[in-house]
Amino acid sequence: MINSVQYNNKDGVQLGTEGSPPAPQFPTGTVKVLCTHDGVLLRKGSVEHIADLNTSGSLSVISYDIPRRLYIEWRPNDNILVSDDSQDWAVVDTIPRRSRTISECKAFNIKPNPDSTTSNKPRLIRTLLDNLSSIIVKDRGQVICLIQKSDSNVNSEFFFQHGNADQFLKSMCDQHIIEHTYSRLDGSTEYIVLNTETQQLKRTFAELNIDDLKNTELKKDKGWVRNTWTGLLVTLPDIAAGVKGSAPRNYATRNKHLGNNDEIRSCSSSSESQSPVDGELENVKEEDEKIINTLPERPVVERTKPLNEAQWLEFQSADGRITDVAAIKNIIFRGGIHYNLRAVVWKYLLNYYRWDETEVERIQRYKQKSKEYYTMKAQWLSMTATQEEHFSGFRDRKCQIEKDVKRTDRTLDFFAGEDNPNLMVLQGILMTYVMYNFDLGYVQGMSDLLAPILSIQGNEVDAFWCFVGFMDMVYANFDMDQAGMKIQFNQLRRLVEFCNPRFFKYMVMHEADNMFFCFRWLLVWFKREFSNDDVLKLWECLWTGLPCPNFHLFISVAILDQQTDIIIENKYQFNEILKHINELTNRIDVKRTLEIAESIYLQIKAVEDLPNDIRQIIGEPVTDSENGEEHSGTGTDFVDDLYELVRTPETDRRMEEQFEEACERSMFLNYT
């Protein structure tokens with residue numbers, strides 16, 4: 001339970017002695033005690049608190065509202081001091097103390113009492129959470145160390161007499177203040193301190209109960225759906241800061257087509273925006289229609305029929321090569337693929353098969369890829385229990401895969417029922433991918449990308465290599481630095497600002513322009529927003545790479561375009577927007593969404609003097625701002641600094657011999 005209290009700033013907040021520099025101004029006003037524990041001893045601290053070492057007190061997490069800040073506060077209890085020579089920290093002196101002489105202090109091995117001026121005012125240790133990078137738990141869960149962000153040194157250290165430090169940190173985790181990172185070999189555990197933006201986002205998702213989406217789908221609970229990938233966002237540092245750091249553009253300077261600049265209100269940073277009064281809201285639609293009308297008309301786009309077997313055969317040569325790749329991709333983008341052809345065509349779209357390969361070359365490729373797959377599969381299958389015990393990265397990923405597989409698409413016939421063998425295949429492919437990509441391993445959400453592929457391919461070798469091709473497209477979504485997700489949030493934000501300024505302005509007014517509510521869309525490419533059949537249609541369209549890079553962002557823009565009137569007319573706040581977006585699951589028309597997305601793309605592309613940042617998003621050459629000349633390249637080139645591994649036939653032959661020898665010896669030992 002969270003208790004509301006009033007703190008008097010002049011009561012017990014003195015950190016220095018007389019003559020010392022004045023303490024910084026601390027927050028005031030109404031505060032909330034988020035969690036608190038008694039019986040906590042100060043073990044290490046700054047020099048000014050040396051008199052309080054080994055003193056028992058209470059440790060609390062306090063939320064101040066003026067300004068909004070979170071602090072960890074330790075307040076000593078009156079007349080409680082633990083003896084320095086107590087090894088188990090259990091001997092507590094609760095008898096009211098008088099001032100003792102120096103001789104008495106030496107005889108009893110205790111600290112002298114502070115002078116009367118300080119004893120009447122308990123010393124308070126207050127640490128701003130923003131100044132901490134992490135919290136470490138050690139000594140069997142009895143001691144916590146606060147680590148400073150500035151120099152990674154210990155800020156302070158506390159001993160929990162009752163051994164309940166884990167409960168204190170669990171309370172902080174439950175309130176999304178910290179997040180568990182990993183456990184060390186020495187038994188200690190580290191928790192990272194989340195920044196303010198990430199805390200807010202995590203709490204918002206938690207309030208909407210979107211941590212159990214897959215379980216909800218199994219139980220068929222009524223109400224809006226929940227998301228299983230929210231934890232990923234929080235464990236990846238500073239994603240919120242990366243999005244909020246980019247301020248929205250000024251409508252008046254966005255492009256040269258805008259008319260009277262005085263009629264258009266410049267948008268400030270969302271952190272400084274305030275919700276408008278009702279009169280202003282009524283003018284939003286009228287005011288921003290003047291902006292959007294400066295864009296060209298949206299062309300009418302209609303979907304066509306899917307690629308059929310006759311068309312597919314028409315584009316094949318006698319030896320099995322595909323003759324017109326561009327034409328096939330265009331048909332797929334316009335209408336998708338007939339169900340009977342998906343297993344074959346997906347192999348090409350996902351770069352498992354090569355378009356210019358002959359039938360003979362494809363057979364050879366399959367043999368080579370099969371051998372490579374089962375070699376990697378044998379690696380994790382042969383992992384001994386001792387190896388797993390000393391390989392926490394492998395062990396943790398294996399455990400996470402086992403949990404996720406049990407709740408992935410269980411409502412589909414292909415994965416339904418107990419002891420379904422397809423679940424074991426799904427798990428085996430994900431484990432093999434861990435061996436294939438050690439750097440990435442496995443992250444929640446990847447099982448949802450694999451499941452539809454496996455259900456179409458059926459064969460685990462084909463499903464694995466198609467999954468590899470898909471992961472190559474969305475790798476950045478799961479990378480731990482989350483650079484890819486930050487870029488996509490900013491690009492989506494910019495697209496909405498450019499083509500739907502009315503909605504964007506409303507988002508800014510309600511501090512929702514960070515686009516966090518689109519996180520699930522971008523992470524797993526709308527897997528949870530559409531039915532399974534519609535997801536297959538959407539994915540194969542996006543796999544073509546047409547009509548531009550980042551077309552999945554236009555899918556997001558198209559969905560928001562269809563929801564603009566609903567959100568604005570109902571005056572939804574951020575939490576309500578997030579709830580509304582989650583309620584759209586299985587209620588979005590994929591055909592109409594694809595048509596609107598392409599129409600918006602064509603509308604943007606038709607704009608004269610298109611800004612360079614928009615050009616970069618849609619893959620158009622950037623122009624010189626002075627003379628209008630185009631430059632090749634569509635933005636910043638990201639250089640991979642990793643060295644290239646040199647593999648020669650000789651090294652491959654030697655490694656194959658060593659592998660065969662290892663397998664033979666392993667089989668021999670199993671039968672002796």
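Every read-out reported here was derived from the displayed coordinates using simple, explicitly stated rules and does not represent laboratory data. Remember, predicted model here, so these are calculated numbers, not experimental data. Counting neighbours? That spans all protein chains shown, and the Cβs are built from the backbone with ideal geometry, glycine included.
General observations
- For the residue pairs K369/K591; K505/K571; K377/K406; K138/K486, alpha carbon separations beyond 24 Å are given by K369/K591; K138/K486.
- Gyration tensor (alpha-carbon) shape descriptor, the range 303-411, a/c threshold 1.5: oblate
- Ranked list, fewest to most other Cβ atoms within 10 Å of each Cβ, for M376, M507, M515: M376, M515, M507
- For the range 350-478, the Kirkwood hydrodynamic radius from C-alpha pairs, put into Stokes-Einstein at 25 °C and a viscosity of 0.890 mPa s, yields a diffusion coefficient of 159 µm² per second.
- When Y339, Y373, Y601 are arranged by Cβ crowding within 10 Å, least crowded first, meaning fewest neighbours, the order is Y339, Y373, Y601.
- Panel order for V434, V557, by other beta carbons found within 10 Å of each beta carbon, from fewest to most: V434, V557.
- With θ taken as phi - 60° and the Karplus curve 6.51 cos²θ - 1.76 cosθ + 1.60 applied, the whole-hertz 3J(HN,Hα) list for the range 432-449 is 5, 5, 4, 6, 6, 10, 4, 4, 8, x, 9, 9, 3, x, 5, 5, 6, 6 Hz, x standing for glycine and proline.
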